[in-house]
Amino acid sequence: MTPAITSPLSQQQVHQWHSAFLQLNQARLECARSLMTSRQQIVLDVLPLLLHLNHQQLPGFIDHQVPCGIAHYNASAQQLQSLQSIARGVQPPRGFSNRQITGLYLMGSMGSLAQARSSDLDVWLCCDESLDNGQLSALGKKCQLIERWAQSQNVELHFS
């Protein structure tokens, strides 16, 4: 059997795939938001900010040593507006360089045909591999506090 000859991907093709992925992701978020109450939408909007920032006015705050910061994340205008509804005056700092979270992914039925008003938010949290056990434990406690806060907003949220 002769191996298939593959040509390297062009930058243009990679850019097209990336753009298509972002458009699909945005459509899924809009679909998810359309089935949520306004309080549930706020939870969805601020979720990345609760992990990106480590501020005493935000749900999930333990202390200033808890790992935070999501790599390559920039909050949208909608997310910042929702942040103001739960913690007036809190803003992401300029030049923020702390990026100990490598990814935050919404999993499960959200934004799919299987989504219902009662669907929960299943979140996959990926961390920098240099975090030690103490830092991972502190981040786990923060996630538990965020889950409890979300429950108080009538949102079932689970971190993995």
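The values are calculated or read from the model by the stated rules, or taken from the named source; none is laboratory data. Bear in mind the structure is a predicted one, so any value in this text is a computation, not a measurement. Heads up, the Cβs are rebuilt from the backbone with ideal geometry, glycines too, and the neighbour counts pull from every protein chain shown.
Taking the range 90-143 as the search range and keeping residues that are farther than 18 Å from Ile70 by Cα and modelled with pLDDT of 80 or more, which one is surrounded by the fewest Cβ atoms within 10 Å (Cβ to Cβ)?
Ranking the qualifying residues of the range 90-143, first place goes to Asn133.
In contact (Cβ under 8 Å) with a residue 12 or more places away in the chain and touching a Ser or Thr at 6+ places or on another chain (Cβ under 7 Å): is that true of Ala71 in this structure?
yes
Could you please tell me which pairs satisfy a Cβ distance under 7 Å, a separation of 6+ or placement on different chains, a first residue in the range 132-160 that is within 14 Å of Leu58 (Cα to Cα), and a second residue that is among the aromatic types (Phe, Trp, Tyr) and outside any helix (DSSP H, G or I)?
Matching pairs, first to second residue: Cys143/Phe159; Glu147/Phe159.
One residue is enough: does the range 58-70 have a residue meeting the conditions in a strand (DSSP E or B) and under 19 Å from Leu131 (Cα atoms)?
Yes, the range 58-70 has at least one match.
Please state which one of Leu83, Leu22, Leu9 is without any contact (Cβ under 8 Å) to a residue 40 or more places away in the chain, crowded, with 18+ Cβ neighbours inside 10 Å and over 13 Å from the mean Cα position of the chain (by Cα).
Leu83
Which residue out of Asn74, Asn54 is modelled with pLDDT under 95, assigned to a loop (DSSP other than H, G, I, E, B) and touching a His at 6+ places or on another chain (Cβ under 7 Å)?
The match here is Asn54.
On the basis of being in contact with a Phe, Trp or Tyr (Cβ under 8 Å, 6 or more places away or on another chain) and closer than 19 Å to Leu121 by Cα, does Gly60 make the cut?
So Gly60 fits the description; yes.
Would you check which residues across the range 19-38 are modelled with pLDDT of 90 or more and not hydrophobic (A, V, I, L, M, F, W, C) and list them?
Ser19, Gln23, Ser38
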